[in-house]
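The values are calculated or read from the model by the stated rules, or taken from the named source; none is laboratory data. In this text the structure is predicted, and so the values were computed from the model without any measurement. Cβ: placed from backbone, ideal geometry, glycine included. Neighbour counts: every protein chain shown.
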Amino acid sequence: MARHIYVHNPFCARKCPYCDFYSVTKTSLCEEFYHAAVREAGILGGVISKTDGTNPLTDADGRDTIYFGGGTPSLPDSRFICELLDAVRKAFNTASDAEISIEVNPSSADPGKLTEYLQAGFNRISLGVQSLDDGVLKTLGRLHDSKGAIEALEKTSKAGFTNISADLITGVPGETLDGIRKDIQTFKDLGVKHISTYSLSIEEGTPFFEKYKKTIEELVPPEEERAMYHGTREFLNELGYETYEISNSALPGFKSIHNSSYWNSCEYFAIGAGAHGYLGDMRYGHRDDVRAYIEEMNTIAPDAYKAFLEGNESGLRSLYAEERLTVEDKMREVPFLRLRTAEGILLDEFKKMFGIEFEDVFDKAVKSNIEKGLLERKERTLRLTRSGLDLANVVIEDFL
Ligand code: SF4
């Protein structure tokens, strides 16, 4: 019966022009933020019951996970990060074999910090490399260059981490498939076990939206972007990385358990400003507001936190319920989450969860997508075909 905890670290040295994750560049509130987060972990651990956040049915791996994402968790003093991890582990009484990940930006991959992370219990590093092409990194407005990224990967191995993941962004104007292949080969040579490849998406409200909203399809035509996606995936597979989710590939034994918990509809707790969680029937979160978070977490009574988890939001500024899910909503989330995975929808799991056959609920969407060649049924699984991968959003839309 595993538990999953996401910790959002909302500070960045500079805002990347394509990013719409919540983070602030003013770090003067760092110390107060981590103090408040330690308090939140303690309160949360004290008010949850033994079965909150455990998913015996859907959690195939069964290991606890803690994920420090951001923002840039490697930016603040490592003392804050290590103290918070310690508080989270104690509060949730996480198992000694828990997967504990931290996102590290190459620009702040300091050897001293990396060693302290390892000693504190982190056993998986996710490096935000994005590209090893200086032109692409410049377009993305990243703080590091390719040399800095390679050095960061070397430092991470040298510090003693063996479970290393690296991110790549594809579909950036000026990027080529050859360049991506070269980057992946370098990752492999440097001991990277897990590679996330995200297509650049132009999000409203970001500087990239203003710059590229009208031109991105001219600069990177969709067919070129798709060819890049398939070419990247084929090369990863050639090198032994199994693509287990649309954007994630891993060498055997190195899939991200934390991310898999999301796709398995597992519950997870949220700690930190801008963090989102899922518990019972509620998708919930903390508002994108560091100041409100600090004030609330410094003063909230355990009973008020417990009441929030039970459905009472009155008087709260940071914590809020984003959505309350009906059984039908939960059923619809299964294709939404599982069709992104290579395994696809496990029909027996669905039946165990809801007591009804998936195809009895989604008969029309299943049939029409199988007829169009976008979905295939193999024994007791349903998954996207190669053509379906290119139209994943359209297929998923049919189930919503
Ligand atoms: S470092 Fe990461 S979280 Fe921060 S602005 Fe850049 S992409 Fe976003």
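Consider segment 176-215 and keep the residues that are surrounded by fewer than 20 Cβ atoms within 10 Å (Cβ to Cβ) and among the β-branched types (Val, Ile, Thr). The one that is farthest from the chain's Cα centre (by Cα) is 215. The residues on offer are 18, 22, 34, 6, and the sole one that is among the aromatic types (Phe, Trp, Tyr), in contact with a helix residue (DSSP H, G or I) (Cβ under 6 Å, 6 or more places away or on another chain) and within 16 Å of the ligand (Cβ to nearest atom) is 18. Here 327, 361, 366 are screened, and the one residue that is modelled with pLDDT of 95 or more and closer than 24 Å to residue 53 by Cβ is 327. The number of residues in segment 245-272 being touching a Ser or Thr at 6+ places or on another chain (Cβ under 7 Å), over 16 Å from residue 166 (Cβ atoms) and not in a helix (DSSP H, G or I) comes to 4.
Evaluate segment 215-234: report whether one residue or more is touching a residue at least 40 places away in the same chain (Cβ under 8 Å), within 24 Å of residue 254 (Cβ to Cβ) and assigned to a loop (DSSP other than H, G, I, E, B). Scanning segment 215-234, I find no residue that is touching a residue at least 40 places away in the same chain (Cβ under 8 Å), within 24 Å of residue 254 (Cβ to Cβ) and assigned to a loop (DSSP other than H, G, I, E, B), so the answer is no. The criterion of at least 2 residues that are of a type in the set (S, T, N, Q) is met by the following helices (runs of 4 or more DSSP H) wholly inside segment 71-146: 111-120. Among the residues of segment 144-156, is there at least one that is within 16 Å of the ligand (Cβ to nearest atom) and without any contact (Cβ under 8 Å) to a residue 12 or more places away in the chain? Within segment 144-156, one or more residues are within 16 Å of the ligand (Cβ to nearest atom) and without any contact (Cβ under 8 Å) to a residue 12 or more places away in the chain. When segment 352-400 is limited to residues that are basic (Lys, Arg) and in contact (Cβ under 8 Å) with a residue 60 or more places away in the chain, the one that is nearest to residue 227 (Cα to Cα) turns out to be 386. In this structure, does residue 349 turn out to be crowded, with 20+ Cβ neighbours inside 10 Å, modelled with pLDDT under 95 and among the acidic types (Asp, Glu)? Yes: the conditions hold for residue 349. Put simply, of 127, 75, 137, 84 the only residue that is without any contact (Cβ under 8 Å) to a residue 24 or more places away in the chain, among the aliphatic types (A, V, I, L, M), closer than 19 Å to residue 21 by Cβ and surrounded by 21 or more Cβ atoms within 10 Å (Cβ to Cβ) is 137.
Candidates 65, 94: the one that is surrounded by 22 or more Cβ atoms within 10 Å (Cβ to Cβ), polar (S, T, N, Q) and more than 17 Å from the chain's Cα centre (by Cα) is 94.
Among the residues of segment 35-55, those identified as outside any helix (DSSP H, G or I) and surrounded by 16 or more Cβ atoms within 10 Å (Cβ to Cβ) are 48, 53, 54, 55. Looking at 172, 136 in this structure, which one is under 30 Å from residue 212 (Cα atoms), at pLDDT 95 or above and in the same structural domain as residue 89 (by TED's automatic domain parsing)? 136 is the lone residue from the list that is under 30 Å from residue 212 (Cα atoms), at pLDDT 95 or above and in the same structural domain as residue 89 (by TED's automatic domain parsing).
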